[in-house]
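The values are calculated or read from the model by the stated rules, or taken from the named source; none is laboratory data. From a predicted model like this one, the values you see are computed outputs, not experimental measurements. Backbone-built Cβ (ideal geometry, glycine too); neighbour counts: all protein chains shown.
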Amino acid sequence: MVYLSNIYTKSGDDGTTGLGDGSRRPKDHLRVESYGTVDELNAVIGLLIASNDDLPERDFLVHISNDLFDVGADLCVPIAEPETEGKSLRVVQSQVDKIEQAIDRLNENLPPLKSFILPGGTKAAAWCHVARTICRRAERRVVSLSKNEPLNPLILIYLNRLSDLLFVLGRVYNNGGKDDVLWKPGAGR
């Protein structure tokens with residue numbers, strides 16, 4: 001259980017931050033950058049959820065937002081050697097499976113793509129595209145971190161699937177793909 005009585009601690013005034021295992025890292029450390037980018041993604045998903053009271057898949061997006069806190073918690077606690085199972089919150093396969101099931105369910109009603117899609121259309125679709133690009137950046141940060149430190153491989157898989165889900169949701173929010181803004185190669189020449 002999380003308990004916060006003081007919002008500021010002054011312990012980060014030296015440019016470091018505490019990780020979930022009690023160790024400290026510089027605030028620009030790749031691990032902090034990774035979970036910070038996941039936090040940024042979550043904030044944009046919050047904007048997406050707030051953009052429309054009747055938003056289709058609203059409850060699922062709230063579920064995703066909660067999952068992103070799990071991703072951040074996983075990233076915040078370095079893997080110990082040996083790792084004691086259940087000691088730290090880690091992303092699990094069932095979280096990935098739920099996203100894959102949602103993608104399959106949502107995509108089956110969308111027309112096949114014949115062009116790349118430009119970000120835009122409805123406000124909700126545009127927020128999906130912003131979230132998708134931040135998700136891809138988080139994924140890149142996690143890949144870079146994984147080259148230097150051991151990570152739960154499901155973090156990367158989760159983020160990869162989530163960016164796909166956000167793309168599909170953007171199409172759903174564009175009137176089931178009917179209002180997608182299509183790329184016209186060379187149209188601006």
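With the structure loaded, tell me whether N6 is over 16 Å from V142 (Cα atoms), out of contact with any His (no Cβ under 8 Å at 6 or more places or on another chain) and modelled with pLDDT under 85 or whether it fails that test.
yes
Here are the criteria: (1) within 19 Å of the chain's Cα centre (by Cα); (2) modelled with pLDDT under 95; (3) not aromatic (F, W, Y). Tell me which single one S88 does not satisfy.
Only one criterion is unmet by S88, namely (1).
Pairs, please: C-beta under 7 Å, at least 6 apart or cross-chain, first residue in contact (Cβ under 8 Å) with a residue 12 or more places away in the chain and under 13 Å from L113 (Cα atoms) and in region 169-188, second among the hydroxyl-bearing types (S, T, Y) and surrounded by fewer than 20 Cβ atoms within 10 Å (Cβ to Cβ)?
Listed by first residue and then by second, the contacts come to D179/T122; L182/S115; W183/S115.
What residue, of V32, V62, V44, is touching a residue at least 60 places away in the same chain (Cβ under 8 Å) and part of a helix (DSSP H, G or I)?
Residue meeting the stated conditions: V44.
So Y35 ticks every box in (1) more than 22 Å from T122 (Cβ to Cβ); (2) more than 12 Å from the chain's Cα centre (by Cα) but one. Which box is left unticked?
Here Y35 clears every test but (2).
Of the residues V62, V71, V44, V32, which single one is of a type outside the set (D, E, K, R), modelled with pLDDT of 90 or more and in contact with a strand residue (DSSP E or B) (Cβ under 7 Å, 6 or more places away or on another chain)?
Sole residue among the options that is of a type outside the set (D, E, K, R), modelled with pLDDT of 90 or more and in contact with a strand residue (DSSP E or B) (Cβ under 7 Å, 6 or more places away or on another chain): V32.
Do any helices (runs of 4 or more DSSP H) entirely within region 72-189 hold 3 or more residues that are charged (D, E, K, R) and within 17 Å of G36 (Cα to Cα), and if so, which?
123-146
Which ones in region 69-93 are free of Cβ contacts under 8 Å to residues at least 40 places away in the same chain, over 16 Å from E149 (Cα atoms) and of a type outside the set (K, R)?
F69, D70, T84, E85, G86, L89
Going through region 47-59 one residue at a time, which ones are part of a helix (DSSP H, G or I) and either surrounded by fewer than 14 Cβ atoms within 10 Å (Cβ to Cβ) or not β-branched (V, I, T) (or both)?
Residues satisfying the conditions are L47, L48, A50, R58, D59.
So which residues in region 155-182 are aliphatic (A, V, I, L, M) and over 13 Å from the mean Cα position of the chain (by Cα), if there are any at all?
The answer is V168, L169, V172, V181, L182.
Can you find, within region 91-114, the residue that is surrounded by the most Cβ atoms within 10 Å (Cβ to Cβ) among those that are within 18 Å of the chain's Cα centre (by Cα), hydrophobic (A, V, I, L, M, F, W, C) and more than 12 Å from D70 (Cβ to Cβ)?
I99
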